[in-house]
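Chemist: Mind looking over this structure? Questions follow.
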Amino acid sequence: MTRKEIIGLILVPVAFIILAFLPSLPNSANLLSLAIPIAMFTVLATSWAIFSGPTHYISLATAAFYGVGAYTMATWLDVLPYPVILLIAAVIGAVFAAVVGFATLRLSGVYFVIFTLGLAEMTRQVFVWYQNNFGGTRGHYVFTDITEAQIYWQLLALGLLVYLVGWWIGRSRLGFAIRIIGADELVARHSGIHTARSKVLLFMVSGAFAAVVGVVMAPRFVYIEPAMAFNPQLSFLVAIMALLGGIHRLWGPLMGAIPFALVWEFIASNFPAQTILLMGIAFLVVVYYIPNGVAGVVEGWYHKLKAAGGEKHG
Amino acid sequence: MNRTFLTKTLGIAALATGLALGGASALAQENTIRIGAVAPKTGPLAGGAAVTFWPNVELWQHEVNARGGLLLSDGNRHRIEIIEYDDRTDPSETIRSVQRLANNDRADFILAPYSTGLALASAPIFDRLGYPMINVSAITDQVPTMVNRYDGVFFTLGQTTPIAQGVARLMAELREQGQVGNRVALVNVADAFGIELANAARGIFEAEGFELVYTTSYPPTIQDVSPIINSAMAANPDIFVAFSYPPDTFALTEQAQVQGMEVDAFYTAVATNFPAYVNRFGDSINGNFGVGGVNPDDPSFLEYERKHIEVTGSSPDFWASAYTYASFEVLEQAIEGVGSLDRAAVTEYIKNNTFDTVMGEWRFEDQHIKNYWTVGQWQNGRFYGIGSTEGMPGAATPIMGQ
């Protein structure tokens with residue numbers, strides 16, 4: 001472990017502990033309704049980037065895993081204790097990702113993108129079919145006493161976990177293998193790397209996180225229906241935020257989720273009738289002027305600063 | 001007249017106007033009642049909200065302000081100001097907008113969001129912020145659970161099971177009179193609402209001894225409904241019942257006409273009572289049954305309909321529109337009854353008083369209206385309520401043999 005890593009390992013949890021006090025601030029309800037989407041998208045985008053960053057496989061399946069998580073919650077809420085549901089959702093998400101991964105990760109590029117987009121829609125149809133034939137008269141309701149603050153804390157904890165997992169993968173053999181695959185899959189295979197297994201393992205990690213986020217968020221929506229649980233917009237937003245932030249660094253998606261949410265908030269509260277139009281323009285501007293993502297810009301500043309400092313000393 | 005003089009005069013005039021306007025708006029700010037409205041303007045439910053929700057907001061604001069505003073106990077009339085947000089049919093955004101309305105815009109009251117999903121998602125936040133919430137387009141069987149948990153949440157349009165059972169009960173009555181046969185084709189759109197309705201109706205049809213000759217479901221994205229109509233016709237039904245959504249309500253009706261389906265009773269669900277339905281099909285849908293209803297001959301409905309067309313330029317639908325307006329009237333009368341903007345007092349007032357609305361007299365029992373329309377029928381270009389849970393006044397007699 002390098003000195004930089006040790007500092008990171010201390011600083012990151014400290015930052016999370018400080019963030020955990022947000023709900024005790026005055027007027028916290030207002031802050032929370034902004035902080036919860038930011039935290040949710042940070043977890044989703046970071047776990048998305050753990051897989052899609054090094055492999056360059058753009059997955060639009062986030063909504064499929066998220067929806068499966070939400071339905072896991074709605075189905076078992078009355079039967080099982082909450083922590084068990086979290087675990088089950090993680091397992092279901094991972095298994096689902098494994099099944100899908102083994103079938104599809106042989107596809108590359110645009111074929112994979114289209115398949116994952118279709119996956120969310122297919123999963124949704126399966127749930128509808130099930131509900132239609134075996135579901136009975138009731139829709140899915142999630143009545144719990146879980147508060148907004150508790151949802152926020154859970155998302156923070158997930159955020160910390162996703163950073164730990166991401167950091168651990170980055171320095172493991174798996175992470176090394178996956179970087180080689182990302183650079184050149186053929187070379188990786190010839191070097192004796194089990195490419196399919198490596199890719200599936202990472203896909204499982206991101207699937208499990210998305211499913212758990214679905215469980216955590218479900219109490220907020222009370223009424224779960226397929227159109228909302230499997231909303232394809234979620235998949236796109238996650239990919240956009242991760243790309244906006246930059247996927248070559250673990251903290252990149254965070255740099256995407258925060259400005260995205262703040263700009264969105266500014267536009268939504270000032271131009272409620274033109275939100276999507278202005279958001280589209282904002283996104284075009286971003287892609288045009290900062291193609292490497294916010295993380296790239298921040299790193300550029302950092303290097304400049306370092307260079308300037310170095311000159312002074314030298 | 002030289003140029004300097006002109007510039008100066010104009011400048012002073014502009015300044016004066018500015019001051020006057022500034023003063024007026026400051027004055028208005030102090031006296032207006034701020035009402036928040038959040039519903040879809042984009043996304044899948046934008047179409048429904050554009051018929052049922054937004055025009056009523058416009059009409060209500062117009063009507064109240066035309067009277068000078070709401071009369072409070074300070075003896076003054078206070079105009080209402082509407083602050084609108086688009087939630088893009090995303091429950092997360094609905095929650096956020098309600099927060100924004102309460103904390104940033106300091107709204108005095110917030111109108112209940114449109115649609116079951118968005119309303120139920122935002123009920124906890126209304127409750128925590130202490131705002132009364134008078135729901136209309138939230139149709140759920142979970143009303144008892146909701147009112148148990150949330151003190152200021154009210155329901156008006158009905159619950160899923162009674163609404164679905166309305167058509168089944170009506171058919172049982174018509175069969176007793178020898179108006180319809182025994183064979184039922186029952187189809188539904190495979191989405192949450194359609195599934196719930198179809199399951200509830202199936203139970204009643206079976207219990208009443210109807211023969212279900214054909215049942216199927218179809219995806220919400222269906223393009224071609226002719227196979228459904230074909231199969232239904234092959235089963236030779238006397239009654240055709242479809243728990244459908246707006247696009248397929250239109251498609252099924254059209255296809256049944258094209259293929260010449262002949263049944264004793266033809267029923268479609270959501271949007272059957274929309275003005276667009278009769279505009280499209282004209283006299284040919286005379287006698288068709290649909291979900292919900294109003295009493296379109298009632299003088300207060302006629303008056304409401306006239307104003308709706310006059311102010312918004314469009315016709316109200318024959319069900320949820322009038323209920324939506326009635327829910328705003330409840331809020332209006334409760335605020336005037338209390339005489340202040342005290343939200344807790346307004347909530348209590350809604351619970352304990354009777355309201356005179358466009359839908360007749362309303363009194364909430366356990367925070368919901370128990371008597372509501374479940375099934376109606378097109379009769380000569382107007383959609384009449386026929387069946388209701390506890391017998392609505394002015395129920396029409398079904399016309400048969402069309």
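The values are calculated or read from the model by the stated rules, or taken from the named source; none is laboratory data. Nothing here was measured: the structure is a model prediction, and the numbers come from that model. Here the Cβ positions follow ideal geometry from the backbone for every residue, glycine too, while neighbour counts run over all protein chains shown. Side chains included, ligands, DNA and RNA excluded: accessible areas come from the protein's heavy atoms. Shrake-Rupley method; radii C 1.70, N 1.55, O 1.52, S 1.80 Å.
Chemist: Karplus couplings for the range B:375-385 from phi (6.51 cos²θ - 1.76 cosθ + 1.60, θ = phi - 60°), rounded to Hz, Gly and Pro as x?
Modeler: In residue order, the calculated couplings are 8, x, 8, 6, 9, 6, x, 10, 9, 9, x Hz.
Chemist: Shifting gears a bit: Accessible area per residue, 1.4 Å probe, Å², for the range A:3-230: what's the number?
Modeler: Values: 10100 Å² over 228 residues.
With all protein chains present, the range A:3-230 gives 44 Å² per residue.
Chemist: For helix B:91-103, what angle does its Cα long axis make with the longest principal axis of chain B, in degrees from 0 to 90 and rounded to 10?
Modeler: 30 degrees
Chemist: Order A:V99, B:V189, most accessible first, counting only protein heavy atoms with a 1.4 angstrom probe.
Modeler: Working: A:V99 95, B:V189 0 Å².
So the residues, ranked largest to smallest area, are A:V99, B:V189.
Chemist: Give me a single rounded figure for A:29-40: the average over its residues of other chain Cβ atoms within 10 Å of their Cβ. Write down the numbers at each step before the final one.
Modeler: Numbers: counts 6, 7, 2, 1, 11, 3, 0, 3, 4, 0, 0, 1.
Partner-chain Cβ atoms within 10 Å, mean over residues of A:29-40: 3.
Chemist: Counting only other chains, and only Cβ atoms inside 10 Å, what mean value do you get across the residues of B:87-95?
Modeler: Details: counts 3, 5, 4, 4, 9, 10, 5, 1, 6.
Per residue, the average neighbour count from other chains is 5.
Chemist: Considering only DSSP beta bridges whose two residues both sit in the protein assembly as shown, what percent are antiparallel, to the nearest 5?
Modeler: Numbers: 18 of 50 bridges.
Here the antiparallel bridges make up roughly 35 percent for the protein assembly as shown.
Chemist: Taking only the alpha carbons of the protein assembly as shown, what extent do you get along each of the three principal axes, in Å, biggest first?
Modeler: 95, 84, 54
Chemist: So, one more: Do the sum for chain A: with -39,500 (n - 2.57) for every DSSP H run of n ≥ 4, divided by all residues, what is the mean residue ellipticity at 222 nm, to the nearest 500 deg cm²/dmol? Write out the running numbers ahead of the final one.
Modeler: Working: 14 runs with 249 residues, N = 314.
Rounded to the nearest 500, the figure is -27000 deg cm²/dmol.
Chemist: I've got another one for you. Please report the carbon-and-sulfur percent of the accessible area for the protein assembly as shown; probe 1.4 Å, protein heavy atoms only, DNA, RNA and ligands left out. Spell out each step's value before the answer.
Modeler: Working: 18780 of 30850 Å².
With neighbouring chains kept in place, the figure for the protein assembly as shown is 61 percent.
Chemist: Give me, ordered by chain and number, the residues 5 or more places off B:L212 or on other chains with an amide H under 5 Å from its own placed amide H.
Modeler: Amide H to amide H, under 5 Å and 5 or more residues apart or across chains, B:L212 pairs with B:V184.
Chemist: Going by average Cβ density within 10 Å per residue, which order do the peptides A:191-201, B:128-138 take, highest to lowest? Don't jump to the answer; show the numbers that get you there.
Modeler: Values: A:191-201: 16.7, B:128-138: 23.8.
Result, highest mean Cβ count within 10 Å first: B:128-138, A:191-201.
Chemist: State, as an integer percentage, the relative contact order of the range A:3-230 based on alpha-carbon contacts under 8 Å between residues 6 or more apart. The partial results should precede the final answer.
Modeler: Details: 277 pairs, mean separation 95.6, N = 228.
The value is 42 percent.
Chemist: A further question follows. With n ≥ 4 as the cut-off for DSSP H runs, can you work out [θ] at 222 nm for chain B, using -39500 (n - 2.57) per run divided by the number of residues, rounded to the nearest 500?
Modeler: So the calculated ellipticity at 222 nm is -15000 deg cm²/dmol.
Chemist: Next question, about the same structure. By average Cβ neighbour count within 10 Å, what is the ranking of B:210-220, A:208-218 from highest down?
Modeler: Details: B:210-220: 17.5, A:208-218: 28.3.
Going from most to least packed, we get A:208-218, B:210-220.
Chemist: For every other residue with a beta carbon closer than 15 angstrom to the beta carbon of A:A177, add +1 if it is Lys or Arg and -1 if Asp or Glu, then tell me the sum.
Modeler: +4
Chemist: Also, I was wondering about something else. With every protein chain kept in place and ligands, DNA and RNA left out, what is the accessible area per residue of chain B? Probe 1.4 Å, answer in Å². If you can, show how the numbers build up before the last one.
Modeler: Working: 15520 Å² over 402 residues.
Accessible surface, normalised per residue, equals 39 Å².
Chemist: Tell me, what does the Kirkwood hydrodynamic radius of chain B come to in angstroms if you use every pair of distinct C-alpha atoms? Walk me through the numbers before you get to the answer.
Modeler: Numbers: mean 1/r = 0.0441 Å⁻¹.
So the Kirkwood estimate lands at 22.7 Å.
Chemist: Using alpha-carbon positions, what is the distance between the centroids of the range B:111-128 and the range A:215-261, in Å?
Modeler: What the calculation gives is 22 Å, centre to centre.
Chemist: Something else: Roughly how tilted is helix B:343-352, in degrees to the nearest 10 and between 0 and 90, from the longest Cα axis of chain B?
Modeler: Relative to chain B, helix B:343-352 is tipped by roughly 40 degrees.
Chemist: Let me ask another. Taking the highest mean first, how do the peptides A:23-35, A:113-125 order by number of other beta carbon atoms within 10 angstrom per residue?
Modeler: Values: A:23-35: 15.0, A:113-125: 18.3.
Highest-to-lowest ranking by the protection proxy: A:113-125, A:23-35.
Chemist: Only loop residues by DSSP count here, and only those with at most 11 other Cβ atoms within 10 Å; note down the GluC sites (Glu not before Pro) in the range B:308-402 that meet that. Don't skip to the end; give the middle numbers.
Modeler: On the way: sites: B:E310, B:E329, B:E332, B:E336, B:E348, B:E361, B:E365, B:E390; in loops: B:E390.
Answer in residue order: B:E390.
Chemist: Where the Cα atoms of the range A:3-230 are projected onto their three principal axes, how long is each span, largest first, in whole Å?
Modeler: 53, 51, 27
Chemist: Now, a different point. Enter the mean number of other protein chain beta carbons within 10 Å of the beta carbon of each residue in B:195-203, as an integer. Could you put the intermediate results ahead of the total?
Modeler: Values: counts 10, 6, 1, 2, 6, 1, 1, 1, 1.
Mean inter-chain Cβ contacts per residue within 10 Å come to 3.
Chemist: Please state the relative contact order of chain B as a whole percent: Cα pairs under 8 Å, 6+ residues apart? Could the numbers behind the result be given before it?
Modeler: Working: 739 pairs, mean separation 63.9, N = 402.
In percent, rounded to a whole number, it is 16.
Chemist: Continuing with the same structure: What angle do you read, to the nearest 10 degrees and between 0 and 90, between the alpha-carbon axis of helix B:246-258 and the longest principal axis of chain B?
Modeler: 40 degrees
Chemist: Skipping prolines and chain starts, which residues have an amide H placed within reach, meaning under 5 Å, of the one on B:F243, given they are 5 or more residues away or on another chain?
Modeler: B:V187, B:N188, B:V189
Chemist: Out of all DSSP beta bridges in chain B, what portion is antiparallel? Express it as a percent rounded to 5. Don't skip to the end; give the middle numbers.
Modeler: Numbers: 16 of 48 bridges.
Antiparallel bridges: around 35 percent, rounded to the nearest 5.
Chemist: Let me ask something else about it. Are there any helices in chain A, counted as whole DSSP H runs, that stretch 27 Å or more along their axis by Cα and score at least -1.0 on average by Kyte-Doolittle, and if so which? Write out the running numbers ahead of the final one.
Modeler: Working: long enough: A:28-55 (39 Å, 1.29); A:82-104 (32 Å, 2.35); A:110-134 (36 Å, 0.66); A:148-171 (35 Å, 0.93); A:195-221 (39 Å, 1.35); A:252-270 (28 Å, 1.11); A:293-313 (31 Å, -0.36).
The answer, listed by residue number, is A:28-55, A:82-104, A:110-134, A:148-171, A:195-221, A:252-270, A:293-313.
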